[in-house]
Amino acid sequence: MLLAACGSSTSTPDASHADAQSADAGPQPQGDVPHHDIAVNEVSPQNGVDWIEFVNRGAVTVDLSGWFVTNAADRLDHYYEFPAGTTLAAGAYLIVYADHAAPVAGEHHAPFKLGAADGAFVLSHDGLIVDSVLWISNGLGAGETFQRIPDHEGVFWPAPPTQAAANPAVLP
């Protein structure tokens, strides 16, 4: 019964199958395109200091007071709440360091670190997930981050970091 549902045991993947990949297929995109003005734009899970970059894709400033960042939506001890008065101007970037560090004036430090297979979520003040990305960084090279390419719009690709600046318009 299982063989009938999955195909014959003699079939092998080839280029005609949409999900077939060779072992050296190179980097693959991760995540989905954003659907909200506030979006995860870049993540750095393996470069010494973990961080998540957010971008305001909209035309007006957004008040992030009471919004949350987490890497595990099911773990309350992994939430960082943006303090009152936190705003993100149109087109601007905001960095949250995932490093367990104590708060520093003008910086945002979350009570978690990012792993090789992890995620980043931003939730509105009412607890709804506004944007997120899940990744497996086995395709991430030394010194690379996952970032939306093109900037603000695309899916996530490995590329050299562009912390708090525009990501490439095309794959490097």
State whether the residues of the range 50-65 include one that is touching a strand residue (DSSP E or B) at 6+ places or on another chain (Cβ under 7 Å), at pLDDT below 95 and of a type outside the set (D, E). no
I need a count of the residues in the range 46-72 that are closer than 18 Å to G127 by Cα, of a type in the set (D, E, K, R) and either in contact with a Cys (Cβ under 8 Å, 6 or more places away or on another chain) or buried (at least 24 other Cβ atoms within 10 Å of the Cβ) (or both). 0
Scope the range 127-161; condition hydroxyl-bearing (S, T, Y) and closer than 16 Å to V96 by Cβ; matching residues: S132, T145
Exactly one of P34, P83, P103 is within 12 Å of the chain's Cα centre (by Cα) and in a loop (DSSP other than H, G, I, E, B), and that residue is P34
For residues that are closer than 19 Å to A39 by Cα and not in a strand (DSSP E or B), scanning just the range 106-121, find the one that is farthest from the chain's Cα centre (by Cα). E107
Can you tell me how many residues in the range 137-146 are within 13 Å of G48 (Cα to Cα) and either modelled with pLDDT of 85 or more or assigned to a strand (DSSP E or B) (or both)? 3
L134, sole failed condition from (1) in contact (Cβ under 8 Å) with a residue 12 or more places away in the chain; (2) of a type in the set (A, V, I, L, M, F, W, C); (3) in a loop (DSSP other than H, G, I, E, B): (3)
Looking at D77 and the list (1) part of a loop (DSSP other than H, G, I, E, B); (2) free of Cβ contacts under 8 Å to residues at least 40 places away in the same chain, which single condition is not satisfied? (1)
Conditions: (1) without any contact (Cβ under 8 Å) to a residue 12 or more places away in the chain; (2) closer than 22 Å to D151 by Cα; (3) of a type outside the set (V, I, T). N41 meets all but one. Number of the miss? (1)
When only residues in the range 84-123 that are at pLDDT below 95 and either of a type in the set (S, T, N, Q) or on the phi > 0 side of the Ramachandran plot (or both) count, which is surrounded by the fewest Cβ atoms within 10 Å (Cβ to Cβ)? G106
Are any residues in the range 129-172 closer than 14 Å to L114 by Cβ, surrounded by fewer than 17 Cβ atoms within 10 Å (Cβ to Cβ) and among the β-branched types (V, I, T), and if so, which ones? I136
Selection over the range 25-45 where residues are of a type in the set (D, E, K, R), over 17 Å from Y97 (Cα atoms) and buried (at least 17 other Cβ atoms within 10 Å of the Cβ) yields a count of 1
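The values are calculated or read from the model by the stated rules, or taken from the named source; none is laboratory data. All values reported here derive from a predicted model rather than from experimental measurement. Positions of Cβ are backbone-derived with ideal geometry, glycine not excepted, and every protein chain shown enters the neighbour counts.
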